[in-house]
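S.K.: Below you will find the structure I want to go over with you.
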Amino acid sequence: MSTPVIRFDKVSKSFARTRVLRDVGFDVEPGQAFGLAGVNGAGKTTLIKCMLDFCAVDHGNIELFGVSHREPRSRARLAFLPERFLPPYYLTGRDFLSFMLALQGQAYRADEVGAMLDALDLESDALARPVRAYSKGMTQKLGLAACFLSGRDLFVLDEPMSGLDPKARACVKGLLAGVLQRGATLFFTSHALSDVEEVCDRMVILHQGVPYYAGAPRALCHHYGEESMERAFLRCIEAPLNG
Ligand SMILES: Nc1ncnc2c1ncn2[C@@H]1O[C@H](COP(=O)(O)OP(=O)(O)OP(=O)(O)O)[C@@H](O)[C@H]1O
Ligand SMILES: [Mg+2]
């Protein structure tokens with residue numbers, strides 16, 4: 001068996017007396033499109049922050065590509081889009097992308113950047129403007145452009161569709177299909193269950209810091225005897241654990 005790209009093993013995390021993650025354990029396999037769903041406050045972003053070693057776990061282990069998440073090299077192959085992506089306001093879009101590419105040891109190639117902006121439906125004039133003059137959706141597209149230009153093997157995207165119009169959402173799905181086709185792995189959070197169903201071959205529903213469901217998105221409907229993902233999701237989180 002191949003080494004999982006991400007392994008969560010009995011991960012627990014509390015903030016003060018609030019237990020946010022409780023013995024969370026699951027694997028993300030190479031090439032998988034993996035969706036993490038859950039209500040507001042379920043612990044999705046906290047799980048990602050633990051994975052990236054932005055905060056310490058209380059118990060348990062996390063591995064990326066078989067390397068402990070405590071080691072910086074474990075993150076060398078991933079691109080990350082945070083939940084609230086806010087590039088430094090004084091940079092232009094071009095500055096931001098060129099700094100991000102330089103950090104990754106990559107050259108800024110105007111043709112590649114132009115093609116990426118096209119693919120995300122972001123007008124190329126935006127490159128010369130400071131990011132403080134961007135709309136919310138434009139800012140999100142810039143962050144996504146930086147991720148996709150990285151050419152990395154693992155994409156960790158916390159609500160990548162947030163703030164995007166329907167055309168841009170379709171664009172992002174096209175780009176996600178492209179990275180999956182070249183063998184990269186996708187781990188993303190979303191409140192849009194239709195996106196999870198469309199993009200992912202596996203999902204986890206995290207509820208009150210516990211995985212309530214792990215499996216194929218379509219199988220969720222089957223499991224709860226519901227037609228819609230929303231109904232099945234509600235049944236899942238309302239059911240007693242393991243019920
Ligand atoms: N730094 C922190 N200090 C204290 N509590 C925190 C901190 N970060 C998160 N929490 C708490 O942890 C819980 C989970 O938050 P988290 O951001 O992981 O949820 P989420 O599933 O990503 O929600 P959303 O869908 O709204 O993004 C919430 O109750 C939140 O208040
Ligand atoms: Mg979140």
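Since every read-out is calculated from the coordinates, none of them should be taken as a lab result. As the structure is a prediction and not an experimental result, all values here were calculated from the model. Note that each Cβ is placed from the backbone with ideal geometry, even for glycine, and that neighbours are counted across all protein chains shown.
S.K.: Output the Kirkwood hydrodynamic radius of the range 86-151, Cα pairs only, in Å rounded to one decimal. Intermediate results must be reported in sequence, preceding the final value.
M.R.: Numbers: mean 1/r = 0.0869 Å⁻¹.
Radius from the Kirkwood sum: 11.5 Å.
S.K.: Continuing with the same structure: Longest span of the chain, sites excluded, free of GluC sites (Glu not before Pro) in DSSP loop with at most 15 other C-beta atoms within 10 Å? Let's see the in-between values first.
M.R.: Values: sites that count: Glu83, Glu123, Glu227.
Result for the longest clean stretch: 124-226.
S.K.: Have a look at Ala216, Ala110, Ala168 and tell me which one the Gaussian network model of the chain (Cα, springs below 10 Å) gives the largest fluctuation.
M.R.: Ala110
S.K.: So what's the back-of-envelope 222 nm ellipticity for the chain, counting only DSSP H runs of four-plus at -39500 (n - 2.57) apiece and dividing by all residues, rounded to 500?
M.R.: Working: 8 runs with 85 residues, N = 243.
Mean residue ellipticity, 222 nm, calculated: -10500 deg cm²/dmol.
S.K.: Can I ask one more? Given H placed on each backbone N at 1.01 Å, which residues far from Gln32 in sequence or on other chains put an amide H within less than 5 Å of it?
M.R.: For Gln32, whose amide H was placed from the backbone, the distant partners under 5 Å are Leu186.
S.K.: Can you find, among Leu122, Pro87, Phe148, the residue sitting farthest towards the positive end of the charge dipole of the range 86-151, where Lys and Arg contribute +1 and Asp and Glu -1 at Cβ?
M.R.: Of the options given, the answer is Pro87.
S.K.: For Arg94 and Ala128, calculate 0.36 nm times their separation in residues minus their Cα-Cα distance, and state this gained length in nm to one decimal.
M.R.: Contour length minus Cα-Cα distance gives 11.6 nm.
S.K.: What length, rounded to one decimal in nm, is gained on full extension from Lys173 through to Leu234, with 0.36 nm per residue of separation minus their alpha-carbon distance?
M.R.: Values: separation 61, 0.36 × 61 = 21.96 nm, distance 2.51 nm.
Result for the pair: 19.5 nm of gain on full extension.
S.K.: Suppose R0 equals 25 Å; then what is the FRET efficiency for Tyr108 and Leu86 from their Cβ-Cβ distance, rounded to the nearest 0.05?
M.R.: Working: r = 22 Å, r/R0 = 0.86.
With a Förster radius of 25 Å, E is 0.70.
S.K.: If you don't mind, another one. Roughly how many debye, to the nearest 20, is the charge dipole of the chain about its Cα centre, given +1 on each Lys and Arg Cβ, -1 on each Asp and Glu Cβ, and no other charges? If you can, show how the numbers build up before the last one.
M.R.: On the way: 28 positive and 28 negative charges, 126 e Å.
It comes to approximately 600 debye.
S.K.: Here's another thing I want to ask about it. Report Rg(Cα)/(2.2 N^0.38 Å) for the range 81-192, keeping two decimals. If you can, show how the numbers build up before the last one.
M.R.: Details: Rg = 13.0 Å, N = 112, 2.2 N^0.38 = 13.2 Å.
In units of the globular-protein estimate, the range 81-192 measures up at 0.98.
S.K.: Per residue and in Å³, how big is the convex hull formed by the alpha-carbon atoms of the chain?
M.R.: Working: hull volume 32.3 nm³, N = 243.
Once divided by residue count, the hull of the chain is 133 Å³.
S.K.: Setting aside same-chain residues fewer than 8 positions from Lys10, which lysines have a Cα under 17 Å from its Cα?
M.R.: Within reach: Lys44, Lys49.
S.K.: Let me ask another. In whole angstrom, how long is each semi-axis of the equivalent ellipsoid of the range 1-144, when you take the square root of 5 times every eigenvalue of its Cα gyration tensor and sort them from largest down?
M.R.: On the way: eigenvalues 212, 68, 38 Å².
Whole-Å semi-axes of the equivalent ellipsoid: 33, 18, 14.
S.K.: In the range 149-240, what is the volume of the convex hull around the alpha carbon atoms, normalised per residue and reported in Å³? Working shown, then result.
M.R.: On the way: hull volume 10.3 nm³, N = 92.
Dividing the Cα hull volume of the range 149-240 by its residues yields 112 Å³.
S.K.: Output the relative contact order of the chain, whole-number percent, from Cα pairs under 8 angstrom with separation of 6+ residues.
M.R.: Details: 435 pairs, mean separation 60.5, N = 243.
For the chain, the relative contact order is 25 percent.
S.K.: Let me ask another. Where in the chain are the helices, taken as whole DSSP H runs, whose Cα atoms extend 24 angstrom or more along the long axis and whose Kyte-Doolittle mean reaches at least -0.5?
M.R.: Values: long enough: none.
Once both thresholds are applied, nothing remains.
S.K.: Moving to a separate point now. Once you order the gyration tensor axes a ≥ b ≥ c over the Cα atoms, which shape class does the range 185-234 get: rounded for a/c under 1.5, otherwise prolate or oblate by comparing a/b with b/c? Intermediate values should be presented prior to the final figure.
M.R.: Details: a/c = 1.58, a/b = 1.16, b/c = 1.36.
In terms of gyration-tensor shape, oblate.
S.K.: Let me understand the range 37-116 better: what is its radius of gyration from the alpha carbons, and its Dmax, in angstrom?
M.R.: 15.9, 46
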